[in-house]
Structures are given as C-alpha cells and as structure tokens.
1. So which of Ala157, Ala164, Ala99, Ala123 is under 30 Å from Thr39 (Cα atoms), outside any loop (DSSP other than H, G, I, E, B) and small (Gly, Ala, Ser)?
2. State which residue pairs qualify: first residue part of a loop (DSSP other than H, G, I, E, B) and modelled with pLDDT of 85 or more and inside region 128-153, second residue open to solvent by 70 Å² or more (accessible area, probe 1.4 Å) and of a type in the set (Lys, Arg) in any location, beta carbons under 7 Å apart, and separation of 6 or more residues or different chains.
3. Just to be sure I understand, how many residues within region 79-92 are open to solvent by 20 Å² or more (accessible area, probe 1.4 Å) and within 13 Å of the chain's Cα centre (by Cα)?
4. Report the residue count in region 78-135 for those that are among the aliphatic types (A, V, I, L, M) and touching a Cys at 6+ places or on another chain (Cβ under 7 Å).
5. Quickly run through region 24-49 and pick out the residues that are assigned to a loop (DSSP other than H, G, I, E, B) and in contact with an Asp or Glu (Cβ under 7 Å, 6 or more places away or on another chain).
6. Quick check: anything in region 69-78 among the small types (Gly, Ala, Ser), assigned to a strand (DSSP E or B), surrounded by 14 or more Cβ atoms within 10 Å (Cβ to Cβ) and at pLDDT 95 or above?
7. Got a sec? Which of Thr102, Thr111 is of a type outside the set (Phe, Trp, Tyr), closer than 22 Å to Ser127 by Cβ and at pLDDT 90 or above?
Amino acid sequence: MNRPLLLIPLLLFLAACAARGPLTENRNDNVVSFVRSDTGHAVTVTLGPELAYDKRVHRDFMGATIEGWLYRADDGTSVLVSSMDRAKFEDLIGRTIEAPRTGIKAYPPQTSWLPRLCQLVRAYVVSLDSDVVSAVKFGPRPEGECDGLVDNDEYMAAHLDQVAEFDRRAEQDIAIGW
C-alpha cells in the first residue's frame, strides 16, 4: 500500500529533471562546458588566466532572465558565460538567427557600445542545437558620469583605438571550441 505513495515523489523528481532540458553545464576553473545530452553536441568556453571566477549570476536584462558564470579581471573588465534557449535568445536580440535547429554554428564576434550600460561589450555567440551559448566581455566603466546619450556608431567612430584594443584583449581572453 505504501509503494504507490513512494512512486509519486520519484515521478515528480523525474518530471522536474526532464523539464530542465537536455543541456548541461559544467564549470572547472576557467573552462565552462555545455553539452546537449540528446545530440551529444558540446561547446566549451575557455577564459584567459587573468580572469578570476566571481559568482553564478541570475539577472533580468531587457525582459529576459540571464543566468551564467561571471568572471572578473583586475583591469575592470568582466566576462559572462551563459546559455539560453534559442527562442528566448532570438526574442532578446529581436531577430531570428540563421542556423539549423540541429548542429553547431558559431557567429563572428561583435563589439558594441551599450549606452544604457555605458560600456563596450564584445559578444561571442554559438548556436548549439535549440540553445545558444554566449561569452560576453564587458569593458570597464568609464570614469566620471555617463549620461547614456552617446549611440553605438558615434561612440565607435570617436574611440577607434580604444575599441581595437578592447577587441584584441577579448580575443586573448576568450576561446570557444566545439
């Protein structure tokens, strides 16, 4: 008589595990791996030694919940390594990404000035079946006040050398393999 009652918690546990999806994450120092159990596809993000693990973060950004591993460097930069359901990622960026629903596709890194954050960011994005893996480097915050009124094109044109150095450092700090 107690056996059916014991099965209920087990079934609820299995249902909760299944609802989490087939993507698993593993962090080992400066290496974060993402593996899809249903396809066996994997993406690994390796960060440079000047970045130190800070914490696991859960942040709301532009209507999406971003969860990931936050690393910081002494120069005031940081890197957030995360994964997200592809549909949620497409909603976040406001467009459909061009990649098949199965397999892995890496996109060229993209640097932008985000006026809202007053920071340079460089994003590395890889589609992993129905998920997206990203590593985003955030530049140091500028000294003094930032009014958030300088748009991307204006900032990039006025700071060509600074942007080029930021990109060069990001290339040294972030390596993605699959």
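1. The unique qualifying residue is Ala123.
2. Short answer, once both residue conditions are applied: Asp129/Arg101; Ser130/Arg101.
3. Total satisfying the criteria: 7.
4. Number of matching residues: 0.
5. Thr39, His41, Gly48
6. yes
7. None of the other options fit; the residue is Thr111.
The values are calculated or read from the model by the stated rules, or taken from the named source; none is laboratory data. Predicted model only: the values in this text are computed from it and were never measured. With ideal geometry, Cβ positions are generated from the backbone for all residues, glycine too; neighbour counts draw on all protein chains shown. Please note that ligands, DNA and RNA were not included when accessible areas were found on the heavy atoms of the full protein model with its side chains. Shrake-Rupley method; radii C 1.70, N 1.55, O 1.52, S 1.80 Å.
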